[in-house]
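Peer 1: First the structure, which I've put down as structure tokens, then a few questions once you've had a look.
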Amino acid sequence: MSKRKVQFMETVLRDANQSLIATRLPFDVYEPILDKIDQAGYYSVECWGGATFDVCLRYLNEDPWERLKKLRKKLPNSKLQMLLRGQNILGYKHYPDDVVRKFVEYSVKDGIDIIRIFDALNDITNMKVAIEETNKWGALASGTISYTTSPVHTLENYVKMVKELKEMGVGSICIKDMAGIMGPQEAYDLVSAIKDAVDLPIDLHTHSTTGLAFMTYLKAVEAGVDVIDTAISPFSGGTSQPATETMAYALKQLGYEVTTDDKILKEIADFFKPIRDGYIADGTLMPKSLTTDTQCLTYQVPGGMLSNLLSQLKMMNALDRFDEALVETPKVRKDLGYPPLVTPTSQMVGVQAVQNVLAGERYKNVSKEIVAYCRGEYGKTPAPIDPEVMKKVLGDEKPLEGRYADTLEPMFEKTKAELGDTARNDEDVLSYIAFPQLAEKYFEKRKAAEENKATYTIEEA
Ligand code: CO
């Protein structure tokens, strides 16, 4: 019998970088190791999307599209992967369809092979346009489940979602456990159920936050998962992914075929070790991010959300109400139809729980985000919103029926015309639409840098 193959998606350039050091790795720092990464035998290299785009413009003075083109050149044999928040692209607001289409088009044209497409509420109508467009330009659309647990997040409902995603034309399925709360048995059951329902490759994504990840991956592999997301050891563990080398070692021992090359993985690890140590020394990488935090297994609240709750209460001089806020959090989540607790819903639920406790009356104060959520602007909720809460938040206003993006006017051509010469290409227009202030500042700096360089050259001559 031939060995069953398990492959790895390497996250060091995107999720590990984002989870441990707030995405601060500049391209120039990791450029020297790209040829090794290209030969390591990964299924794919996650290197773009998520927060990389924002941070390039905001802190690194890099054009994210130029970064992508350079990655494409330096990784000629690898599949380049990105993370896309469906109709939100890389942010938290909904964009009109023409923008989503252009964004996907240029992502693929500039080098992306696999687009992992998700929606924070698992509303697949928010994923449809991105999936269609990914297929149109010949990349692989990976239809993604944002994993959470609740009475309505049953195996049946996940299987239903996966079948609908297949109908929409996805080429693979990703189970995205952004909080690291999935246990080994849950992974086994979910992967088995999806394998039974559709004939598509499955990728499992989790984080080491709670310490479950290695066990969860192992059981997922037993159930037939095709790809697991890991990070090269110096950038693994804690809020990042399990280590690539460790998983490769264990899976080989268990008789699976593993495609990564141990010698090259070691070279990649040796390269990143001093870089990691540098970030520890300058305080960018906090020891807390590398430890195991089991709190969210007790409270069913993601780790990041607990620290947000604490800092909110501290700001309001109400730390003594922490226990009450903690008890209130799952109640608010239930009222709101069990949204997965991922940005931005995790913040919305947390803030509301604190408000409910401090005001002494539930939903007396609500944020504009909660109003928009109840209006249906974020999409369809997993379960209906509690009617009492709905009435308190919206009054007589009727929530939206259908898809919020359908109410938005096209904006790509209009923005392009407005920008005129400021945008040098369509990618610039997309950067501006996604992050207007950041892009504007970046365009100015880019121009100034070029003018300086020109003067310098003349003087030198
Ligand atoms: Co992640």
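Peer 1: Mind checking which lysines have their Cα closer than 20 Å to the Cα of residue 160? Skip sequence neighbours fewer than 8 apart in that chain.
Peer 2: Qualifying lysines at Cα under 20 Å: 128, 176, 195, 380.
Peer 1: Ignoring solvent entirely, what values of log10 I(q)/I(0) come out of the Debye formula for the stretch 99-235 at 0.10, 0.20 Å⁻¹ when each Cα is a single scatterer?
Peer 2: Result of the Debye calculation: -0.32, -1.18.
Peer 1: What fraction, in whole percent, of alpha-carbon pairs in the stretch 260-315 exceed 15 Å separation?
Peer 2: Numbers: 1032 of 1540 pairs.
So the pairs more than 15 Å apart make up 67 percent of the total in the stretch 260-315.
Peer 1: On to the next question. On full extension of the chain, what length is gained from residue 407 through residue 334, given 0.36 nm per residue of separation minus the C-alpha to C-alpha distance?
Peer 2: Numbers: separation 73, 0.36 × 73 = 26.28 nm, distance 2.78 nm.
Contour length minus the Cα-Cα distance gives 23.5 nm.
Peer 1: Hey, another quick one. List the residues whose amide H sits under 5 Å from the amide H of residue 7, counting only those 5 or more places along or on another chain, with H placed 1.01 Å from N in the peptide plane.
Peer 2: 227, 228
Peer 1: Suppose a student asked you for the relative contact order of the stretch 220-301, using Cα pairs under 8 Å spaced at least 6 residues apart; what percent would you report? Walk me through the numbers on the way to the answer.
Peer 2: Working: 58 pairs, mean separation 23.5, N = 82.
Relative contact order, the stretch 220-301: 29 percent.
Peer 1: Follow-up. Taking N as the number of residues in the chain, what is its alpha-carbon radius of gyration divided by 2.2 N^0.38 Å? Walk me through the numbers on the way to the answer.
Peer 2: On the way: Rg = 22.5 Å, N = 461, 2.2 N^0.38 = 22.6 Å.
Rg over 2.2 N^0.38 Å, computed on Cα atoms: 0.99.
Peer 1: Let me ask something else. Give me 348, 315, 390 ranked fewest to most by other Cβ atoms within 10 Å of their Cβ, as a rough exposure proxy. Write out the running numbers ahead of the final one.
Peer 2: Working: 348 22, 315 10, 390 19.
Going from sparsest to densest Cβ surroundings: 315, 390, 348.
Peer 1: Still on this model: Please list, short to long, the whole-number percent of alpha-carbon pairs of the stretch 25-98 in consecutive 5 angstrom bins beginning at zero.
Peer 2: Per 5 Å bin, starting at 0, the Cα pair percentages come out as 3, 15, 24, 23, 18, 11, 5, 2.
Peer 1: Right, next: Please state the equivalent ellipsoid semi-axes for the stretch 52-174: what are the square roots of 5 times the Cα gyration tensor eigenvalues, largest first, in whole Å? Before the final figure, lay out the partial values.
Peer 2: On the way: eigenvalues 139, 51, 36 Å².
Semi-axes, largest first: 26, 16, 13 Å.
Peer 1: Continuing with this model, one more query. Rounded to the nearest 0.05, what FRET efficiency do residue 307 and residue 270 have when you use their Cβ-Cβ distance and R0 = 45 Å? Before the final figure, lay out the partial values.
Peer 2: Numbers: r = 33 Å, r/R0 = 0.73.
Efficiency at R0 = 45 Å is approximately 0.85.
Peer 1: Hey, what did the chain get for relative contact order, percent, Cα under 8 Å, at least 6 apart? Could you put the intermediate results ahead of the total?
Peer 2: Numbers: 778 pairs, mean separation 75.8, N = 461.
Computed value for the chain: 16 percent relative contact order.
Peer 1: Further question: Could you compute Rg(Cα) / (2.2 N^0.38 Å) for the stretch 205-277, with N its residue count? Each step should come with its number before you reach the end.
Peer 2: Numbers: Rg = 12.2 Å, N = 73, 2.2 N^0.38 = 11.2 Å.
For the stretch 205-277, the normalised Cα radius of gyration comes out at 1.09.
Peer 1: Between residue 299 and residue 199, take the C-beta separation as r, use R0 = 45 Å, and let me know the FRET efficiency to the nearest 0.05. Before the final figure, lay out the partial values.
Peer 2: On the way: r = 38 Å, r/R0 = 0.84.
E(calc), rounded to 0.05, equals 0.75.
Peer 1: If you take the beta carbon distance between residue 415 and residue 39 as r and set R0 to 56 Å, what does 1/(1 + (r/R0)^6) give as a FRET efficiency, to the nearest 0.05?
Peer 2: Details: r = 41 Å, r/R0 = 0.73.
Taking R0 as 56 Å, the efficiency between residue 415 and residue 39 is 0.85.
Peer 1: If you filter the stretch 337-410 for GluC sites (Glu not before Pro), then keep DSSP loop positions with at most 16 other Cβ within 10 Å, what is left? Working shown, then result.
Peer 2: Numbers: sites: 361, 369, 377, 388, 397, 401; in loops: 361, 377, 397, 401.
Here the sparse-neighbourhood loop sites are 361, 377, 397, 401.
Peer 1: For the stretch 32-119, with the dipole built from +1 on Lys and Arg beta-carbon atoms and -1 on Asp and Glu ones, taken about the Cα centre, which of 117, 89, 52 lies farthest toward the positive end?
Peer 2: Farthest along the dipole direction, towards plus: 52.
Peer 1: Describe numerically, in nm with one decimal, the distance between label points set 7 Å from Cα along Cα→Cβ at residue 136 and at residue 69.
Peer 2: Result for the modelled spin labels: 2.3 nm.
Peer 1: Using +1 on the beta carbon of Lys and Arg, -1 on that of Asp and Glu, and nothing else charged, what's the dipole of the stretch 237-347 about the Cα centre, debye to 20? Write down the numbers at each step before the final one.
Peer 2: Working: 11 positive and 14 negative charges, 43 e Å.
Dipole magnitude for the stretch 237-347 comes out near 200 debye.
Peer 1: Three principal axis extents, largest first, for the C-alpha atoms of the stretch 377-461, in Å?
Peer 2: For the stretch 377-461, the Cα spread along each principal axis is 75, 23, 22 Å.
Peer 1: While we're on this one: Just in the stretch 200-297: which GluC sites (Glu not before Pro) are loop by DSSP and have at most 16 other Cβ atoms within 10 Å?
Peer 2: Details: sites: 222, 245, 257, 267; in loops: none.
Taking the stretch 200-297 and a limit of 16 other Cβ atoms within 10 Å, no loop GluC sites (Glu not before Pro) are found.
Every number here is computed from the coordinates shown, using simple stated rules; none is lab data. Quick caveat, the model's predicted, so the values are computed rather than measured. When we count neighbours, we look across all protein chains shown, and the Cβ atoms used for this are built from the backbone with ideal geometry, even at glycine.
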